[in-house]
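Enquirer: I am attaching a structure below and will ask some questions about it afterwards.
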Amino acid sequence: MRGVNIPGEAPSETSRARSECATRTGLFGIFFGIVFVVAGGWAWAADGTVTIIAPKPNEIVRGDVTVTWNQEKAGLADHVHVFIDGGTMKPVKTGTSIVLKGLTKGPHEITVQAYSSEHEPLDAKASVTVKVE
């Protein structure tokens, strides 16, 4: 039989070549799998992270709302933009807090998102919903 190893007999030239090819292909696949995972992790972490510290989710607030966040900058992250209800935007170049004045009564979603120096939005962001009374 061609390409079949029989116990106790030496492997054929064909089966040795196939085995060697499979080993190389397997190592090649593992190498690119590792490169893909590492590169994927790098791309994911390129934006850093944004975490809203205050206000807490579903917090009831009265008057002005002070939003405080933590930004771990990485890669392209330069500053943040703060959005109110997905619309009104306030860029923040320095610092880690902003006071939002004049919010109407009712629920509001506040989002803090990392941006590049060219003002392009990045994936790192956090949101919180508060109720103004």
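Read the figures in this text as sums done on the coordinates, not as results from a lab. Since this is a predicted model, take the numbers as computed values, not measurements. Methodologically, a virtual Cβ is constructed for each residue, glycine included, from the backbone with ideal geometry; neighbour enumeration extends over all protein chains shown.
Enquirer: Please go through the stretch 95-120 and give me each residue that is closer than 22 Å to residue 77 by Cβ and β-branched (Val, Ile, Thr), ordered by number.
Expert: Matches in the stretch 95-120: 96, 98, 110, 111, 112.
Enquirer: Just checking: which of the strands (runs of 3 or more DSSP E) contained wholly in the stretch 83-133 hold 1 or more residues that are among the acidic types (Asp, Glu) and closer than 20 Å to residue 57 by Cα?
Expert: Here the list reads 106-115.
Enquirer: Considering only residues that are of a type in the set (A, V, I, L, M, F, W, C), closer than 17 Å to residue 55 by Cα and within 21 Å of the chain's Cα centre (by Cα), which ones fall in the stretch 81-114?
Expert: Matches in the stretch 81-114: 82, 83, 110, 112.
Enquirer: From the residues in the stretch 57-84 that are surrounded by fewer than 14 Cβ atoms within 10 Å (Cβ to Cβ) and touching an Asp or Glu at 6+ places or on another chain (Cβ under 7 Å), which one is nearest to residue 127 (Cα to Cα)?
Expert: In this case the residue turns out to be 60.
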